[in-house]
1. Could you list, in sequence order, the residues of region 182-221 that are over 19 Å from the mean Cα position of the chain (by Cα), over 30 Å from residue 163 (Cα atoms), not in a loop (DSSP other than H, G, I, E, B) and not β-branched (Val, Ile, Thr)?
2. Filter region 58-74 down to residues that are assigned to a helix (DSSP H, G or I) and without any contact (Cβ under 8 Å) to a residue 60 or more places away in the chain and give me whichever is surrounded by the most Cβ atoms within 10 Å (Cβ to Cβ).
3. Taking the stated definitions as given, is residue 186 crowded, with 18+ Cβ neighbours inside 10 Å, of a type outside the set (Val, Ile, Thr) and touching an Asp or Glu at 6+ places or on another chain (Cβ under 9 Å)?
4. Answer yes or no as to whether residue 59 is touching a Lys or Arg at 6+ places or on another chain (Cβ under 7 Å) and not hydrophobic (A, V, I, L, M, F, W, C).
5. Look at residue 127 and say whether it is under 19 Å from residue 205 (Cα atoms), of a type in the set (A, V, I, L, M) and not in a strand (DSSP E or B).
6. State all residues of region 14-42 that are out of contact with any strand residue (DSSP E or B) (no Cβ under 6 Å at 6 or more places or on another chain), aliphatic (A, V, I, L, M) and touching a residue at least 40 places away in the same chain (Cβ under 8 Å); if no residue qualifies, say none.
Amino acid sequence: MVTAPRSFLNDGEHYDACHASRHDDLLFWIKMASTAKSVLELACGTGRIAIPLAVKGAQVTGLDNCQSMIDQGKRNARGAGVEIEWVLGDMRSFDLGRDDFDLVVLAFNGVNSLLTIEDALSCLRSARKHLAPNGRLVIDTFLPTPERLVAEELEIDYVLPDDAKVTITARRAYDPAAQIRSLDLAVSSTAGDSGTDRQDVHVYYPSELSLLVHQADFDVVAMYGGYDQRRLDALSRRCIFVCTPLA
């Protein structure tokens, strides 16, 4: 019997099925890692990005705070025939005992799971400690605009490997005072299971994120509005920061 996840974001098998068709950012990350021998991905999930980087020859470490994601990532890596160091940990505060990563990746709205400024700053400072002097930190988040923050109802469908269909109905709302975007989730499957959950993310604006990375001793060397490295402007959907450690 298929069990509906508490949230499709914290169950590795469900997460993979939900994001099976997402490939639009992979070429960007492969390009970012083209000169990196060692890569650390924070909030790595099931290895959607980490595994392609390892296939291209990078030594990849993936850190996530969800055991289900890590377990699924290990299965995916075995299937791809690559070795990845998987670490179960909290990206707000971690110590891997090294300071020589060429690239630290915080992809696909991972930064938004840091709900407070204090958490974000702690994460960035932890990343800074693990970077080589000439290393880079790359952060990818959505660019918030009024139309993307208004209340609306979304429906997400995906199919699990055993052919069970899962439907998630999500009601989106935004608290501008707290800068928190919420999704109230109703999850059901053709196996007859159902469940509910609530997912909160912090909405980070470019100027706010720029201030945070500077407080964590980074310099912003590039800002992009998309995975094609277009200029960040009012029409952009993504906000991508490329940062290097301050001397």
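Any read-out appearing in this document is the output of simple, stated calculations on the displayed coordinates, not a laboratory observation. Computed from a prediction, not measured in an experiment: that's the story for all the values here. So basically every Cβ, Gly included, is an ideal-geometry build from the backbone, and we count neighbours across all protein chains shown.
1. 207, 211, 214, 215, 218, 219
2. So in region 58-74, the residues assigned to a helix (DSSP H, G or I) come out as 67-74.
Checking which are without any contact (Cβ under 8 Å) to a residue 60 or more places away in the chain leaves us with 67-71, 74.
On the way: 67: 12, 68: 17, 69: 25, 70: 21, 71: 15, 74: 16.
Of everything passing the filter in region 58-74, 69 is surrounded by the most Cβ atoms within 10 Å (Cβ to Cβ).
3. Taking the combined requirement at face value, the residue does not satisfy it.
4. yes
5. No: the conditions fail for residue 127.
6. Within region 14-42, 20, 27 meet the criteria.
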